[in-house]
Amino acid sequence: MNREENIKQISDTSRVWDIAVIGGGSSGLGVALDAISRGLTVVLLEKADFAKGTSSRSTKLVHGGVRYLAQGDIGLVLEALKERGKLLQNAPHLTENQPFIIPIYTWFDRVQYSVGLKIYDWMAGSLRLGKSKFISKEETIRRLPAVKQKGLKGGVVYHDGQFDDARLALAIAQTADDAGACILNYASVKDLIKNENGKITGLKVKDELDGTNYTLQAKMVVNATGVFADKILQMDQPGSPKMIQPSQGIHLVMDMDFLGGKDALMIPKTKDGRVLFAVPWHGKLVVGTTDTLREKAKLEPEALEKEIDFVLETAAGYLAKAPTRKDVKAVFAGLRPLARPKEGSTKTKEISRSHKVIVSESKLVTLTGGKWTTYRKMGEDTVEHFPEISGELLVPSQSFEMKIHGFTERVPEGHWSVYGSDAKEIKGLAKSNPELSETIHADFPNLMAEVLWAVRNEMAVRVEDVLSRRIRMLILDAQAALDSAEKVAKLMAKELQKDENWIQEELIAFKKVAEKYLIKA
Ligand SMILES: Cc1cc2nc3c(=O)[nH]c(=O)nc-3n(C[C@H](O)[C@H](O)[C@H](O)COP(=O)(O)OP(=O)(O)OC[C@H]3O[C@@H](n4cnc5c(N)ncnc54)[C@H](O)[C@@H]3O)c2cc1C
């Protein structure tokens, strides 16, 4: 993926793209992937980095949604289970089959969850990841050594998928780019262009790195900007009512020994009726989440003190050793783009989490809602609108069968797994130069060669791109990421031919962001 080459492609003003996608999160990338699978020409414009928004801040689950099942949303669960199964097959390097244990403290819960999860298994059909079953108190304690034992009657084990969200976003971008799509980060859409009949025929884009403005022509424009969808809708129709209600969810990251084993913990109903997950991820434990209404859509939302307290207090109720603020290595917050409830109601938990595709009078196609797991189907459903908007024919989607960049039958071991088939080349790069075979940070296995690889092949242009989304150090251990920033910036500057000023500016910018991920004890 080469940014300069892709910039050249958008400089050609005579070109008319079949589809222009605004937004490089899971939704926009799903649209780009599906469009390219049908042989359409597609350009995707992301104003920051791929998955900078909500798509790098999820609970990291590829799931059917056990709780949506409890809410009776059968269609959503069936669709998500099918997508879950296929994603694990198409991207084995970025996903895992993760066993979850629900600790059981009452016999009613045993019946309820055993039956519910059998239905969940059955709904997944041939794409099932494993059979759910009840396990004894002794086995529950063996597999979750840190779980609270008082009153414990046993556990129900079930299987769901787990993934690296930002790396999957990048790999989808690479898959689409490999197949001919023009994918760009740091390219923000500033305006929409309409013809004399009021139909959208293109857009205005600004390269956020050098300030150059471009005008693009497209037969169909897709607004896949998550919590920012209203801003694009305002460009289309100034004064139109707000559609999106951001709802914040935070996660705390701590050492694995708070849980103890390789299994994840799932609490289907906390004291105040929420769901709590504690999931092993890249050698750490990710615990969350919350559901807090926020008024403003922000690229870098901040966890509220009350959310941090809530997660710590709730986790303490289920873990033998109660985590405290000083045990938290990082906190990250993300915003769910929920449909805004009708006047007077604020109950986002009850709003359906299924996605919606809306076509405006001017033919702007807005994709909203949904979840990471169903990104491909969301893309497919959006691209289906192409004939009605362009008047042209559309061939059937092939994205269900598309292997994701890096796909390999033999997934490399350890932290190399996320690179899939690329890992070999990165290891070669490390061998070529002793500086590149050094680790970025003593507590992490990642090598400096990965920084160079990210700049050369993964469109990383800022220190934050590398430390937050190419390798996930910022959300695994924010202090370690801060400590690594200078080393990373220097190597990036050398490769990108940037001066000392650039290094200093990058360090200031990274510090400003990274401090939001630290918790004050
Ligand atoms: C706390 C939390 C936990 C979650 N956990 C899970 C989970 O475990 N599993 C799961 O399946 N789903 C999960 N989800 C849901 C999932 O993460 C989201 O549905 C999904 O990431 C939304 O992606 P998106 O592309 O719509 O939005 P985003 O990822 O926010 O992408 C929108 C992009 O548009 C860009 N943009 C905005 N304006 C412009 C512009 N003018 N020009 C160019 N680009 C622009 C932004 O920079 C941004 O990158 C979770 C959500 C939250 C909040």
Applying the span-like rule to the chain (DSSP H, Cα extent along axis at least 20 Å, Kyte-Doolittle mean at least -1.0) gives 74-90, 107-124, 478-496, 500-514
Do the alpha carbons of any pairs in Lys298/Lys329; Lys8/Lys424; Lys494/Lys516 sit beyond 26 Å of each other, and which pairs?
Lys8/Lys424; Lys494/Lys516
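Beyond 23 Å, what percent of the Cα pairs of the stretch 47-170 remain?
39
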How much accessible area does Thr41 have with a 1.4 Å probe, in Å² rounded to the nearest 10?
50
Square roots of 5 times each gyration tensor eigenvalue, C-alpha, the stretch 367-501, largest first, Å:
36, 18, 15
Collect residues whose amide H, placed 1.01 Å from N in the peptide plane, falls under 5 Å from the amide H of Gly202; neighbours closer than 5 in sequence don't count.
Ile193, Ala218
Work out the charge dipole of the stretch 19-174 with +1 on the Cβ of Lys and Arg and -1 on the Cβ of Asp and Glu about the Cα centre, then indicate which of Gly30, Ile74, Gln112 is farthest towards its positive end.
Gln112
Beyond 30 Å (Cα-Cα) in this structure, taken from Lys199/Lys377; Lys82/Lys194; Lys190/Lys296, we find Lys82/Lys194
Throw me the Rg/Rh for the stretch 347-444, computed over C-alpha atoms with Kirkwood Rh, two decimals.
1.18
Sort Arg57, Arg274 by accessible area with a 1.4 Å probe, largest first.
Arg274, Arg57
Specify whether the C-alpha gyration tensor of the stretch 169-218 places it in the rounded, prolate or oblate class, a ≥ b ≥ c being the square roots of the eigenvalues: rounded for a/c under 1.5, otherwise prolate if a/b is larger than b/c and oblate if not.
oblate
Leaving ligands and nucleic acids out of the surface, order Leu259, Leu293 by accessible area at 1.4 Å, largest first.
Leu293, Leu259
If you consider only alpha-carbon coordinates, what radius of gyration and Dmax does the stretch 193-271 have, in Å?
21.5, 64
Once you charge only the Cβ atoms, +1 for Lys and Arg and -1 for Asp and Glu, what is the size of the charge dipole of the chain about its Cα centre, to the nearest 20 debye?
1720
Most to least accessible of Trp122, Trp416, Trp17 (protein chains only, probe 1.4 Å):
Trp122, Trp416, Trp17
Counting sequence-distant residues (5 or more places) and residues on other chains, those with an amide H built under 5 Å from that of Ala146 are Gly261
How large is the helix-only mean residue ellipticity at 222 nm for the chain, computed as the sum of -39500 (n - 2.57) over DSSP H runs with n ≥ 4, divided by its residue count, in deg cm²/dmol to the nearest 500?
-10000 deg cm²/dmol
In the neighbourhood of Glu450 defined by beta carbon distances under 14 Å, the net charge of the other residues (Lys, Arg +1; Asp, Glu -1) is +1
Cα pairs beyond 29 Å in the chain, in percent, come to 51
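How much of the DSSP beta bridge set in the chain is antiparallel, as a percent to the nearest 5?
75
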Just name one of Ser240, Gly420, Leu467: the one whose Cα is farthest towards the positive end of the charge dipole of the chain (beta-carbon charges, Lys/Arg +1, Asp/Glu -1).
Ser240
Roughly what would the spin-label model give for Asn433 and Met256, points 7 Å off Cα along C-beta, in nm?
3.2
If N is the residue count of the stretch 208-251, its Cα Rg over 2.2 N^0.38 Å rounds to 1.53
Set of the stretch 12-43 residues, backbone N closer than 20 Å to the point 7 Å along the Cα-Cβ line of Leu127:
26-38
Enumerate the amide H contacts of Thr212 below 5 Å, restricted to partners 5 or more residues apart or on another chain; note that Pro and chain-start residues carry no placed amide H.
Asp207
Give me the aspartates and glutamates in straight-line cross-link reach of Lys371: C-alpha distance below 17 Å, same-chain residues under 8 apart excluded.
Asp34, Asp73, Glu79, Glu83, Asp160, Asp164, Asp165, Asp291, Glu350, Glu380, Asp381
What list of ³J(HN,Hα) couplings, whole Hz, do you get for the stretch 386-402 from phi and the Karplus terms 6.51, -1.76, 1.60, once you set θ to phi - 60° and write x for glycine and proline?
4, x, 5, 8, 9, x, 9, 6, 10, 7, x, 5, 10, 5, 4, 9, 6
Name the aspartates and glutamates eligible as straight-distance cross-link partners of Lys47: C-alpha to C-alpha under 12 Å, and not fewer than 8 places from it in the same chain.
Asp207, Glu208
Charge sum, other residues only, whose C-beta stays under 10 Å from Phe134's C-beta, Lys/Arg counted +1 and Asp/Glu -1
+2
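The values are calculated or read from the model by the stated rules, or taken from the named source; none is laboratory data. Worth saying up front: this structure is predicted, and the values here are computed from it rather than measured. Note that we place each Cβ from the backbone using ideal geometry, even for glycine, and neighbour counts take in every protein chain shown. We work out accessible area using only protein heavy atoms, side chains counted, and drop any ligands, DNA or RNA first. Shrake-Rupley method; radii C 1.70, N 1.55, O 1.52, S 1.80 Å.
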